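The structure under discussion appears below in the form of structure tokens.
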Amino acid sequence: MMKFAFSLKNKLKIAFLLFCIMCCTLLIRFLEDKSVEKINESFISMYNDRLVPATDLYFIAENLYYKSEILQEALSGNPSTGIVKMNKHNRRIDSVINKYELTLLVKQEKSFLNDLKKALVVQQGLEVKILNIAGAEGRAIYESMGRNAANQTLAKLSALIKIQSKVGNELIKGSEIFVSGTKVYSTLQVILAIVIGIMIVAIVSASNAVKIQSDKFNLN
């Protein structure tokens, strides 16, 4: 009877330990899945909120370059045609900015974007004024204010493009943390597997020892 009670007590301990190990395994699995999910979200954000917008920002730079060429041609030739072409590029720039505003923006990006939008408004206003006046007076306005406004816009755009790489690096660092977490969880799973193996060996050894003692008792 005492042997049965002792055996039952050991079985309950083993069952409890196995239950704890099972819970730990499930918890580790849950945390590992969360880490993988976070890594996936980081890469998606890297593409949707960093890579694509960065390409769009370069598209703005391209349109600003074309606008500069149009302005130079208009000052030397037909300003009415220049206004039509200029409005076309302005619409393209506005479309890209509207698209960019829908992405995930950090506080600094929002600030730089607002600076860029203000610079664009100033530049576009001067462009309209220059094209409407044209001639020597229009060129004088361009030389005194228009060129500086265009340079200011490019500077604001450059600052916004640079912040993209900074935020991208932060996303990469965040992903590295999650990757390190998955490595830790994998290590814990290996440790639990080793513990389970040791427990199985111990149970088998204990069972054999009990069997040998039982056989000796029966022989006696």
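Figures for the structure shown
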quantity	calculated
Gain upon complete extension [S111, K99; 0.36 nm per residue less C-alpha separation]	2.7 nm
Projected label distance in nm at A155 and F59, using a 7 Å step from Cα toward the beta-carbon	2.7
Net length gained if the chain between L27 and V190 were fully extended (0.36 nm per residue, minus Cα distance)	57.3 nm
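Every number in this text was worked out from the coordinates using simple rules, so none of it is lab data. Predicted model, so just to flag it, every value in this text is computed and none were measured. Ideal geometry is used to build each Cβ from the backbone, glycine not excepted, and the neighbour counts take in all protein chains shown.
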